[in-house]
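The values are calculated or read from the model by the stated rules, or taken from the named source; none is laboratory data. Values in this document were obtained by computation on a predicted structure and should not be read as measured data. Every residue, glycine as well, gets a Cβ built from its backbone with ideal geometry; the counts of neighbours run over all protein chains shown.
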Amino acid sequence: MAFPYNEIVLDHFRNPRNVGSMADPDGKATEGSPACGDMVTVYIKVDAGTKVVSDIKFESYGCASNIATASIITELAKGKTLEEAKGITWKEAADALGGLPAIKAHCSVLAVEGLRSAIQNYEEKHGLTASREATTE
Ligand code: FES
Ligand code: FES
C-alpha cells in the first residue's frame, strides 16, 4: 500500500508551524472528535482595532492529518481579519496541503472547526456576535 500522505502534509506533520499553547489568548477553543477521542486546541491573538489575527497557536492530540491541517490553517489565518479567517474552508486547507486522503477528512475538519470556534470564542467574549441564544456557559 502506498503511503497516504504527500510531502507537504508530511512536512507540516514533522515540523508543525505555530505549535504550542498561548498564555493569554484573546480567543481559544478545543474541538474533540467522538469518533477517535482526539482533540485540537486553537489559540488566537486579535488586534483590537483592525480585528486581524495577529498570532495563532495550536495543540493537537490527533493524528498526522489533524496536525498537518492545524499547522496549515495557522499559516492561512495569520494576518487575516476575523471575517476572512472564519471563511477558511476545509477544501482550502486541504488544497494548501496538496491534498489529503479522503479517509482522513474528518480529522482535518476538526482542525478547521477549532479555528472557527476560537474566533467564535473571541467574538462572544467581546460582544461581537449577532443575537445568539443565551447559553448557561
Ligand atoms: Fe483522531 Fe485523526 S485519528 S484526529
Ligand atoms: Fe478522529 Fe478522524 S478519526 S477525527
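Every condition in (1) modelled with pLDDT under 95; (2) crowded, with 21+ Cβ neighbours inside 10 Å is met by PRO34 except one, and the failing one is (2). Looking across ALA102, ALA70, ALA111, one residue alone is within 16 Å of ligand 1 (Cβ to nearest atom) and surrounded by fewer than 17 Cβ atoms within 10 Å (Cβ to Cβ). It is ALA102. Would you confirm whether or not the stretch 102-116 contains a residue that is away from ligand 2 (no atom under 16 Å from the Cβ) and touching a residue at least 40 places away in the same chain (Cβ under 8 Å)? Within the stretch 102-116 (the criterion being away from ligand 2 (no atom under 16 Å from the Cβ) and touching a residue at least 40 places away in the same chain (Cβ under 8 Å)), the answer is no, since none of the residues qualifies. The residues of the stretch 91-101 that are within 15 Å of ligand 2 (Cβ to nearest atom) and either touching a Cys at 6+ places or on another chain (Cβ under 9 Å) or among the small types (Gly, Ala, Ser) (or both), listed by number, are ALA93, ALA94, LEU100.
Is there a residue in the stretch 81-90 that is out of contact with any Cys (no Cβ under 8 Å at 6 or more places or on another chain), in a loop (DSSP other than H, G, I, E, B) and among the charged types (D, E, K, R)? Scanning the stretch 81-90 turns up no residue that is out of contact with any Cys (no Cβ under 8 Å at 6 or more places or on another chain), in a loop (DSSP other than H, G, I, E, B) and among the charged types (D, E, K, R). Can you pull out every residue in the stretch 7-35 that is more than 16 Å from ligand 2 (Cβ to nearest atom), under 19 Å from ALA94 (Cα atoms) and not in a loop (DSSP other than H, G, I, E, B)? GLU7, ILE8, LEU10, ASP11, HIS12, ARG14, VAL19 - these are the residues of the stretch 7-35 that are more than 16 Å from ligand 2 (Cβ to nearest atom), under 19 Å from ALA94 (Cα atoms) and not in a loop (DSSP other than H, G, I, E, B). Annotation: of all residues in the stretch 73-85 being of a type in the set (D, E, K, R) and surrounded by fewer than 15 Cβ atoms within 10 Å (Cβ to Cβ), the one that is farthest from ligand 1 (Cβ to nearest atom) is GLU83. Cβ separations smaller than 8 Å between residues 6+ apart or across chains give the following pairs from the stretch 36-52 residues that are more than 16 Å from ligand 2 (Cβ to nearest atom) to residues that are basic (Lys, Arg): TYR43/LYS28; TYR43/LYS57; ILE44/LYS28; VAL52/LYS80.
Checking the structure you have, find out if any residue of the stretch 52-59 is assigned to a loop (DSSP other than H, G, I, E, B), out of contact with any Pro (no Cβ under 9 Å at 6 or more places or on another chain) and either more than 16 Å from ligand 1 (Cβ to nearest atom) or over 19 Å from GLU123 (Cα atoms) (or both). No - not one qualifying residue is present in the stretch 52-59.
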